[in-house]
Every structure is written in structure tokens, then in C-alpha cells.
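Enquirer: Below: one structure in C-alpha cells.
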Amino acid sequence: ARPLLEQLAKITGETAVLTVREGNWAIYLDRVDSTQPLRQTMPIGQRIPLHAGSSAKILLAYLEQAEIEQIISDMGLPHLLTNTITDAERLHEELAKIRQQGYATSFEERDLGTAGLTAPVFSNGAHIVAGIGIVGPIIRLSPAVIESYIDTVTSTAQRLSRLQGAR
């Protein structure tokens, strides 16, 4: 995944991240930092709740419904920032939208002033194994700019999925 992260960071100018699920958490497995002076960085291994941020929501969206319900029951939906989804019904709507469009976005859900765009990485059994995407300051990653990077991020995720044996 590292060469794909490097390419994604170079194309977009933003920090590229790879997340995986570990139990009821999303974990940053790898990242390539933006070269911009103002950038979003996060420690490798940092645990984040699955209901907040594009890099976490993408992992939650592709789980079985019963597993999603169990995670919500176990972890709750704590408020982290202004746009954190804390209502289960609204979260289910967001997860359905993510599955339908094939990517997740976030705007100030977990960190003040940040936005993200993440696409799913699948294994050969069509199970989600990771999320790959970009994060950065909302002043550069407006909804319009995020939209302009959707094809880049989703095609990167598809390439990584093929490397994982997905068809």
C-alpha cells in the first residue's frame, strides 16, 4: 500500500492514510504526510471510534448489520466534535449512503478544521480489509475539492483491492 499512499499524497497534496479495523476501533496503519505547511497528521496506531471520520466510517459501513448494531451497543456514539454523528438512525442513513456511493467523506467530525475522503479496500472474499484516503485542513478540502478527488481516491482503493486479490 505504501507506493499507492505516496502517489495519492503527491497527486492531492494532502496526507494519505491507510486504516484498518481492530475490534471496535479503526487504527491508522500507515500514512504519508502532506508536504504543505498546514497539514493533518495522526500517529500510526492511533485508535479512533468507528462512527466518526471518513477513514473510520468506511470500515463500519461494509460490516454486517448485526455487527454494526453490536459495535453501536458496545461503544455508543460519543460526541467528539460539532459534526460527529451521535444518533443511531442518522448513522445508519450515513452508512447506507457510503455503501451506495462507494466512499465516505467527513467534515469536522473528529478533528476541528479537518476534512477527509476515504474509499474501501476489499479482499478476495469481497470483505473490507482497509480504507485508503486523504485528510487535510477544511480550508483546502472543501466539498467541491473533495468531489474533484473522488475518482482518484476510489481508483487507488480499487488498485489496492486488486493487489489484495479482489476482482
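Enquirer: Here are some residues: A66, A61. Which one is open to solvent by 10 Å² or more (accessible area, probe 1.4 Å) and aliphatic (A, V, I, L, M)?
Expert: None of the others qualify; the one that does is A66.
Enquirer: Here is a further query. So which helices (runs of 4 or more DSSP H) are wholly in the range 59-167 and hold at least 1 residues that are in contact (Cβ under 8 Å) with a residue 40 or more places away in the chain, more than 13 Å from the chain's Cα centre (by Cα) and closer than 17 Å to T19 by Cα?
Expert: Here the list reads 143-163.
Enquirer: A follow-up question, please. Sort out which residues of the range 81-109 are open to solvent by 70 Å² or more (accessible area, probe 1.4 Å) and of a type outside the set (V, I, T), and write them in order of number. Lay out the reasoning, then the answer.
Expert: Taking the range 81-109 first, the residues open to solvent by 70 Å² or more (accessible area, probe 1.4 Å) are 82, 86-87, 89-90, 93, 97, 99-100.
Within the range 81-109, D87, E89, R90, E93, K97, R99, Q100 meet the criteria.
Enquirer: Can you tell me which residue within the range 1-10, out of those that are open to solvent by 20 Å² or more (accessible area, probe 1.4 Å) and in contact with a strand residue (DSSP E or B) (Cβ under 6 Å, 6 or more places away or on another chain), is farthest from M75 (Cα to Cα)?
Expert: Selected residue: E6.
Enquirer: Given the criterion closer than 18 Å to A130 by Cα, modelled with pLDDT under 95 and open to solvent by less than 60 Å² (accessible area, probe 1.4 Å), identify the matching residue among G53, G45.
Expert: G45
Enquirer: Let me ask something else. For the subset of the range 11-42 comprising residues that are of a type in the set (A, V, I, L, M) and part of a loop (DSSP other than H, G, I, E, B), which member is surrounded by the fewest Cβ atoms within 10 Å (Cβ to Cβ)?
Expert: Filtering the range 11-42 down to residues of a type in the set (A, V, I, L, M) leaves 11, 16-18, 20, 26-27, 29, 32, 38, 42.
Those left that are additionally part of a loop (DSSP other than H, G, I, E, B): 38, 42.
Numbers: L38: 10, M42: 19.
For the range 11-42, the residue satisfying everything is L38.
The values are calculated or read from the model by the stated rules, or taken from the named source; none is laboratory data. None of these values were measured; they are calculated from a predicted model. All Cβ positions, glycine included, derive from the backbone under ideal geometry; neighbour counts span all protein chains shown. Just so you know, the surface numbers come from the protein's heavy atoms only, side chains and all, with ligands and any DNA or RNA stripped out. Shrake-Rupley method; radii C 1.70, N 1.55, O 1.52, S 1.80 Å.
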